[in-house]
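Participant: Here it is, the structure in full.
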Amino acid sequence: MKTLFDSNAYAEINQRIDKLRPDSQRQWGKMDVAQMLAHCVGPMEMAIGNKKPKRQLLGQLIGWLAIKDYLSDKPFKPNLPTADGFKVADPREFDREKTKLKTLIREFHEGGEASATTHPHSFFGQLTQKQWGETQYKHIDHHLRQFGV
């Protein structure tokens with residue numbers, strides 16, 4: 001499983017983000033490219049510990065089960081539901097959101113596993129530092145595939 005703590009995976013994600021343009025078209029879903037970048041910021045803030053959302057009830061019930069699929073090498077299916085706290089529906093500025101996301105990814109990568117929060121994930125609950133790196137890679141990968149990069 002790829003992780004943002006790995007230099008090759010980190011470089012790959014950055015190169016793919018740099019291929020995005022303000023007019024990049026989604027292949028599924030409702031968000032435009034700037035909204036998608038803003039959406040990816042939220043989980044990165046959670047992974048670093050800047051955002052500490054409460055556990056979701058559904059996550060408390062089945063999060064421990066769902067983490068196995070989440071951390072598999074199998075890509076996410078299109079149109080999976082988004083937690084309310086991470087939905088972005090208002091207009092966003094592409095360059096601002098791109099810079100913010102890349103800054104958070106760099107901070108996370110350069111800090112190594114020690115930069116991952118010890119606060120529980122809002123859905124999955126307690127994650128290891130390694131799992132935080134894997135979940136963030138997979139989530140961002142999913143949304144970059146959503147925009148064809």
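FYI, it's all coordinate maths here, none of it is from the lab. Worth saying up front: this structure is predicted, and the values here are computed from it rather than measured. Glycine also receives a Cβ, built like all others from the backbone with ideal geometry; neighbour counts cover every protein chain displayed.
Participant: What distance in nm lies between label points placed 7 Å from Cα along the C-beta direction at R55 and E110?
Facilitator: According to this spin-label approximation, the distance is 3.4 nm.
Participant: While we're here: Tell me, how many Å apart are the Cα centres for region 1-79 and for region 109-128?
Facilitator: Distance between centres, Cα-based: 14 Å.
Participant: Could you derive backbone 3J(HN,Hα) for region 131-139 from the dihedral phi with the Karplus parameters 6.51, -1.76 and 1.60 (θ = phi - 60°), listing whole Hz in sequence and x where the residue is Gly or Pro?
Facilitator: 5, 4, x, 6, 5, 5, 4, 5, 5
Participant: Can you tell me how region 101-149 classifies by the Cα gyration tensor, rounded, prolate or oblate, using a/c under 1.5 as the rounded cut?
Facilitator: Taking the square roots of the gyration eigenvalues as a ≥ b ≥ c, region 101-149 is oblate.
Participant: If you wrap a convex hull around the Cα atoms of region 7-146, how much volume per residue is inside, in Å³?
Facilitator: With only Cα atoms used, region 7-146 gives 104 Å³ per residue.
Participant: Under a plain spin-label model, where a point goes 7 Å from the Cα along Cα-to-Cβ, how far apart in nm are D23 and D84?
Facilitator: Going from the D23 label point to the D84 one covers 3.8 nm.
Participant: Ranked from highest to lowest mean number of other Cβ atoms within 10 Å per residue, what is the order of the peptides 127-134, 89-96?
Facilitator: 127-134, 89-96
Participant: Would you pull out the residues with amide H under 5 Å of H121's amide H, same chain only if 5 or more places away, H placed 1.01 Å from N?
Facilitator: So H121 has HN proximity to Q126, L127.
Participant: Just list whichever of K19/K68; K19/K54; K30/K51 have alpha carbons separated by over 29 Å in the model shown.
Facilitator: K19/K68; K19/K54
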